[in-house]
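What follows is a set of notes on a single structure, which appears directly below.
Computed from the coordinates by the stated procedures, all read-outs in this text should not be read as laboratory data. Bear in mind that the values here come from a model prediction, so they are computed numbers and not experimental data. Glycine gets a Cβ as well: all are built from the backbone with ideal geometry, and neighbour counts include every protein chain shown.
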Amino acid sequence: MDPLPPSFYDRDALAVAADLVGAVVAHAGVRLRITEVEAYRYPGDTANHARMGRTPRNAPMWGPPGHAYVYLCYGLHHLLNFVTGPPGHPAAVLVRAAEPLDGLDLVQARRSPPGARPKVGPVLLTGPGKVAQALALNTSHSGAPLSGPLAVYTRETTPALLSGPRVGIDYAEQADREAPWRLAAADSKWVSVRRGLHPIP
DNA sequence: AACACGATGGACT
DNA sequence: GTCCATCGTGTTA
């Protein structure tokens with residue numbers, strides 16, 4: 001099975017996000033089914049990291065679609081995004097939660113403190129920092145194509161979707177805080193925050 | 001050169 | 001529900 005091609009990502013971030021729910025992301029011995037994502041659009045999205053223009057950190061967002069944008073949040077968590085849209089259009093989709101498909105032992109090892117009992121269940125992968133940690137991703141992977149060691153594959157079935165406001169963007173303008181650009185798989189318990197999510201008509 | 005803060009997660013009440 | 005660790009980044013001076 002081939003990774004999703006760059007053309008898959010060369011669309012509006014919200015459309016890409018909808019098609020990524022249920023897709024598979026793989027890296028470093030772990031394969032995950034993506035269960036929750038958020039779209040960060042451009043222009044006019046005051047929650048977007050690129051809202052103030054190009055910086056060294058967000059540079060991958062300005063490049064071609066189908067690449068990773070990974071950054072450090074709160075000084076300790078790495079967050080994984082997929083760049084969407086053509087070059088010069090800095091939009092992305094944040095991966096917020098996933099279900100384990102393969103490499104559960106590696107996920108548990110990476111997500112549990114040394115010596116602690118391995119964690120079990122959704123606590124392993126419900127949250128964007130958890131997903132990147134489980135995949136062993138850090139800022140060195142920012143800008144990497146999604147067709148190499150880090151890769152994304154098409155979903156086999158299309159899950160029903162839930163949508164709701166994005167999480168952790170209190171700094172954004174009200175319209176952007178309220179925009180229902182967080183999407184989740186209705187069939188999954190591996191979702192970070194149920195609150196505010198509703199079926200899409 | 002200094003500074004404020006964040007697309008979070010875990011521990012705790 | 002509350003508190004806060006922890007540091008790269010962007011902004012301001």
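Computed values, structure above
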| quantity | calculated |
| --- | --- |
| Chain A: most fluctuating residue of A:Gly53, A:Gly129, A:Gly85 per GNM, C-alpha cutoff 10 Å | A:Gly53 |
| Gaussian network model of chain A, Cα within-10 Å springs - most flexible of A:Glu36, A:Glu156, A:Glu99 | A:Glu156 |
| Amide proton proximity set for A:Leu161, modelled H, under 5 Å, gap of 5+ | A:Ala186, A:Ile200 |
| Long-range amide H partners of A:Ala97 with built H, under 5 Å | A:Thr35, A:Glu36, A:Gly127 |
| Which of A:Met1, A:Met61 has the fewest Cβ neighbours within 10 Å, and the rest in rising order | A:Met1, A:Met61 |
| Distance (nanometres) between label positions extended 7 Å along Cα→Cβ at A:Arg51 and A:Ile200 | 2.3 nm |
| A:Ala151 long-range amide H proximity, modeled H, under 5 Å | A:Ala26 |
| Distance between region A:38-101 and region A:143-163 - C-alpha centres, whole angstrom | 15 Å |
| Gaussian network model of chain A, springs between alpha carbon atoms under 10 Å - residue of A:Gln108, A:Gln133, A:Gln174 with greatest fluctuation | A:Gln174 |
| Under Karplus coefficients 6.51, -1.76 and 1.60, residue-wise ³J(HN,Hα) of region A:15-30 in Hz, glycine/proline x | 5, 5, 4, 4, 7, 8, 5, x, 6, 10, 10, 9, 6, 6, x, 10 |
| For region A:177-186, 3J(HN,Hα) per residue [Karplus equation, 6.51 cos²θ - 1.76 cosθ + 1.60, θ = phi - 60°, Hz, x = Gly/Pro] | 4, 8, 4, x, 9, 9, 10, 9, 7, 5 |
| Per-residue HN-Hα couplings for region A:157-163 [Karplus 6.51, -1.76, 1.60; θ = phi - 60°; Hz; x = Gly/Pro] | 10, 9, x, 5, 10, 10, 9 |
